[in-house]
Amino acid sequence: MDILTPRQVERALTDPAPSVRAFTLAGRPGGLSDIQVERALSDEAPEVRALAVSGFGKRMNDVQVGRALTDQDVEVRKVAVADLAPRMKDVQVERALTDREPGVRAEAVQSLTQRMNDEQVERALLDTDYRTRAHVMGSLSSRVPDEKVERELTIRNAAWRAVAVEKLADRLSDPQVERALLDQSPEVREVAVLALHPRLTDRQIDRAALDTSPDVRKSISELVHASRVRMTMAQPEPAKAFPSTVPQSSPSQTVIGFEQGQTRQFTGEIQGVSETRKILSARAMGKEVSVVDARGRPFPPEIQPGVYGKIVLDRSGDIVFEGKGLARSQQKGLQ
């Protein structure tokens, strides 16, 4: 947008088509007047208002902040909560956490985690939206009561038991770890292996290596060093050596995680994806590297060989892929 004159920017910001106004704001033109900022923040099109909140958050006064947080459009409120969290007053925090739309509540829990009091945490743990409950369990696991931990781990829904094992991994007692590893659901057992593998005993590792589920067997063989797995499988899978301690990045391996020695994001060209989707081969800065998640989770399905983009660990601990198009090698093939 730097190539546009102030007059051209003004004309684009007042164009009849919302898409043109939105595109202009997305370009983050510099030097907009307070009048132009206010006009964008009160635009009739919600997509324009959302872009204005995201782009001009630091310039917004208290009235504009309050208006954005109570906008009639869900997406605008979500953007406002995410981008204006540090400026929100206690009453605005409470309103966002009790918003009628689950998407706004989920964003509020994610952005305002450290602002939540005990009552708000307890209420969020009972939220009707599973994303909100899952984020609270993961981000505030230390504040989840012991009885609540036990209740979540024994709930009838197997998919939710798997979520509970993953999000509350650091709270599980040894008996709870053992129970998760013996859960009747293969999904729960696999998540238990992925989330708890540094804590597993040799006996538990050997048992997982003989599990009836091929996914569990593959996970344990990829996560635990081959010397610790005494597998007697009829058709053994080749084991990929991973340390049982906290994995760290190296010149040839990038580990996605929050711990020291790990990284929260990686940008490069994806060249290959393992069968279990837990190991990527990629190229970045002219070097070949492998990319793994510190918790051994599979990467999102949109990550495919030949794409270029950024792998990000978001604030809730989920892996997100921001595709930037085809890799150069793929582009050449289309020319």
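List of remarks:
- Ranking of 122, 44 by count of other Cβ atoms within 10 Å, fewest first: 44, 122
- Principal-axis analysis of the Cα atoms of the chain puts helix 214-223 at an angle of about 80° to the longest axis.
- Here region 99-207 was treated as a single set of alpha-carbon atoms; its pair distances binned every 10 Å from 0 give 14, 45, 29, 10, 1 percent.
- Taking a ≥ b ≥ c as the square roots of the eigenvalues of the Cα gyration tensor, region 125-185 is classed as oblate, since a/c reaches at least 1.5 and a/b does not exceed b/c.
- Residues 279, 155, 3, 256 in ascending order of nearby Cβ atoms (within 10 Å, fewest first): 3, 155, 279, 256.
- When region 145-228 is reduced to its Cα atoms, the Kirkwood hydrodynamic radius in Å: 12.6 Å
- Annotation: amide H of residue 293 within the under-5 Å range of 256, sequence separation 5 or more or interchain, hydrogens built in the peptide plane.
- Convex hull per residue volume in Å³, alpha carbons only, for the chain: 169 Å³
- Gain on full stretching of the segment that runs from residue 15 to residue 44 - 0.36 nm per residue minus C-alpha separation: 9.2 nm
- Remark on residue 264: its backbone amide H falls under 5 Å from those of 257, a criterion applied only to residues 5 or more positions apart or on other chains, H modelled at 1.01 Å from N.
- Restricting the trypsin sites (Lys or Arg not before Pro) of region 105-195 to loop positions (DSSP other than H, G, I, E, B) with no more than 10 neighbouring Cβ atoms within 10 Å leaves 156.
- Long-range lysine pairs (8 or more apart or interchain), the chain, Cα under 25 Å: 24
- Only helices enter this figure: runs of n ≥ 4 DSSP H residues, each worth -39500 (n - 2.57), summed and divided by the residues of the chain, yield -13000 deg cm²/dmol at 222 nm to the nearest 500.
- Footprinting exposure proxy for 135, 197 (fewest neighbouring C-beta atoms within 10 Å first): 197, 135
- Region 171-197 and region 92-113: distance between their alpha carbon centers, rounded to Å: 31 Å
- Table column - 3J(HN,Hα) (Hz), region 41-47, Karplus curve with 6.51, -1.76, 1.60, x for Gly and Pro: 5, 10, 4, 5, 8, x, 5
- On Cα atoms only, tilt of 130-139 relative to the major axis of the chain in degrees: 70 degrees
None of the figures in this text is laboratory data; all of them are computed from the coordinates on show. Quick caveat: nothing in here was measured; it's all calculated off a predicted structure. With ideal geometry, Cβ positions are generated from the backbone for all residues, glycine too; neighbour counts draw on all protein chains shown.
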